[in-house]
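Visitor: Dumping the structure here so I can ask a few things about it.
Just so you know, all these numbers are worked out from the coordinates, no wet-lab data involved. As the structure is a computational prediction, the values presented were derived from the model and not from experiment. Positions of Cβ are generated from backbone atoms using ideal geometry, with glycine treated the same way; all protein chains shown enter the neighbour counts.
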Amino acid sequence: MPSTSPIAVPLLLLLCTACGSPARDPEPRETAEVRPEPPPPAPWTETFMAPATLVAEEVRIEGPPGLIEHVAVAQDPDNISYVSRAVPQGLLQEWTVKPSGSDEPIRGRMDALDLAVTRRLVVLERPAAVPLVVEARGEVWWRRESDGREQRGPSLRLVGDGPR
């Protein structure tokens with residue numbers, strides 16, 4: 001019987017455990033991708049769903065969560081500066097016509113309300129359920145298309161009715 005060195009047995013065990021093929025994953029199975037349903041839209045006022053136009057030097061829109069999903073503003077970095085920041089009252093977005101910019105107003109839309117603002121547009125989305133308020137100042141002109149109703153003056157305040 002051959003003699004075995006005291007080191008040979010542990011070395012043989014080590015070699016046996018080191019040799020072998022990597023474990024293979026089982027055949028991949030086709031699985032249906034599960035996507036969660038998006039949450040239903042938050043209740044929203046219908047006050048500004050009728051086509052209308054608002055022209056003013058300054059406009060401030062303040063409202064509940066979801067407001068920024070209802071506002072769209074054309075971006076023109078050559079003529080308009082834009083700032084977005086969190087403030088204690090909520091998310092504040094501000095567009096200002098640059099002094100060296102053209103005479104083009106800030107163009108935007110909230111629901112069906114078209115906006116033309118010649119100096120500054122501020123949108124504040126508050127974290128709480130608050131009324132939707134549009135305040136305009138400086139040579140204000142507002143017109144509702146459906147009935148031709150019109151208002152002019154130094155200021156205007158429009159308040160959205162309760163959400164539906």
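Visitor: Quickly rank 87-96, 118-127 as a protection proxy: mean count of other C-beta atoms within 10 Å, highest first.
Guide: Final packing ranking: 118-127, 87-96.
Visitor: Would any residue of the range 48-90 have its amide N under 16 Å from a label point 7 Å out along Cα→Cβ of Ala129? List them or say none.
Guide: 63-67
Visitor: How much length is gained if the chain between Ala74 and Glu37 is pulled fully straight, taking 0.36 nm per residue apart and subtracting their Cα-Cα distance, in nm to one decimal?
Guide: That works out to 10.2 nm of additional length.
Visitor: Take every DSSP beta bridge whose two residues both sit in the range 52-159, then give the antiparallel share in percent to the nearest 5.
Guide: 80 percent
Visitor: Let me ask another. Between Glu46 and Val159, what is the label-to-label distance in nm when each label sits 7 Å out along the Cα-to-Cβ direction?
Guide: 2.0 nm
Visitor: Can you compute the modelled spin-label distance between Ala116 and Arg143, with each label point 7 Å from Cα toward Cβ, in nm?
Guide: The answer from the label model is 0.9 nm.
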